[in-house]
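Colleague: The structure under discussion is supplied below as structure tokens; questions concerning it will follow.
The values are calculated or read from the model by the stated rules, or taken from the named source; none is laboratory data. Keep in mind the model is a prediction, meaning the values are calculated, not measured. With ideal geometry, Cβ positions are generated from the backbone for all residues, glycine too; neighbour counts draw on all protein chains shown. Accessible surface areas use protein heavy atoms only, side chains included; no ligands, DNA or RNA. Shrake-Rupley method; radii C 1.70, N 1.55, O 1.52, S 1.80 Å.
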Amino acid sequence: MKRELVVRRLRWFRSLLFVAGTVVWFGVATLPTFAAADPLSCSASPERQQFDYWLGDWTITYPGAPGGSTSKVYLRLDKCVLVETWDGGRGHKGENVFAYSSDDGSWHGMFADNQGRVHVFKGKVTSGLAEFYGPSRGPNGAATLNRIRVVRVNADKVTQTWEKSADRGATWTVEFQGEYSRK
């Protein structure tokens, strides 16, 4: 009789643990669904909107630029991610993706082109100025620090500068400096 009571209580306790585990699993599994419905989504955040000055269709000019260098900057993923699709001419194309992370209060970006280059950046954006930093390796394997700046000149003009440093940011060499004019 005593053994039967212990067995019944163990079964009841296992059932309780199963139900509690199921409730916890269900809560974790559905969390992203509830988070997506949050009215304070990233698209409404003032931080994410600080980069809106770059949105649009652009003609790019830079030293040695072939005619027809273009850029299109638009929002994706419920207006939470800023994407630049560009064509530098002569078959060189790429995409840059930027997003604000409320988790760490920073902007993050990724550059990729059709020549196999990929760079990852972290930075900050204020009204009219975006600045990103990220490491890479040079052709000889040496560590390089990259800096990208996107500066609003006026409503119809933006400049983008890409610089590299071999000495951890003490000195910089300009790799690209383009002027974006709104189409």
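Colleague: Residues of the range 119-132 being surrounded by fewer than 16 Cβ atoms within 10 Å (Cβ to Cβ) and either over 19 Å from residue 49 (Cα atoms) or within 12 Å of the chain's Cα centre (by Cα) (or both), which ones?
Modeller: 120, 122, 124
Colleague: Being touching a helix residue (DSSP H, G or I) at 6+ places or on another chain (Cβ under 7 Å) and in contact (Cβ under 8 Å) with a residue 60 or more places away in the chain is the filter; apply it to the range 88-145 and report the residue that is nearest to residue 78 (Cα to Cα).
Modeller: That would be 102.
Colleague: Report yes if residue 92 is at pLDDT below 95 and surrounded by 13 or more Cβ atoms within 10 Å (Cβ to Cβ), otherwise no.
Modeller: Yes.
Colleague: Can you name every residue in the range 69-83 that is open to solvent by less than 20 Å² (accessible area, probe 1.4 Å) and either touching a residue at least 40 places away in the same chain (Cβ under 8 Å) or over 11 Å from the mean Cα position of the chain (by Cα) (or both)?
Modeller: Across the range 69-83, the qualifying residues are 69, 71, 73.
Colleague: I'm checking my understanding of the structure. Among residues of the range 133-151 that are open to solvent by 80 Å² or more (accessible area, probe 1.4 Å) and not in a strand (DSSP E or B), which one is nearest to residue 54 (Cα to Cα)?
Modeller: For the range 133-151, the residue satisfying everything is 139.
Colleague: Next up: Please go through the range 86-130 and give me each residue that is at positive phi and basic (Lys, Arg), ordered by number.
Modeller: Matches in the range 86-130: 90 only.
Colleague: While we're looking at this one, here's another question. Give the residues of the range 38-54 that are surrounded by 14 or more Cβ atoms within 10 Å (Cβ to Cβ), in a loop (DSSP other than H, G, I, E, B) and not hydroxyl-bearing (Ser, Thr, Tyr), sorted by residue number.
Modeller: Correct list: 50, 51.
Colleague: With the requirement that a residue be part of a strand (DSSP E or B) and more than 17 Å from residue 69 (Cβ to Cβ), what does the range 152-173 give you?
Modeller: Passing the criteria: 152, 153, 154, 163, 164, 165, 173.
Colleague: Would you check if there is a residue in the range 161-182 being open to solvent by 60 Å² or more (accessible area, probe 1.4 Å), β-branched (Val, Ile, Thr) and in contact with an Asp or Glu (Cβ under 6 Å, 6 or more places away or on another chain)?
Modeller: Within the range 161-182, one or more residues are open to solvent by 60 Å² or more (accessible area, probe 1.4 Å), β-branched (Val, Ile, Thr) and in contact with an Asp or Glu (Cβ under 6 Å, 6 or more places away or on another chain).
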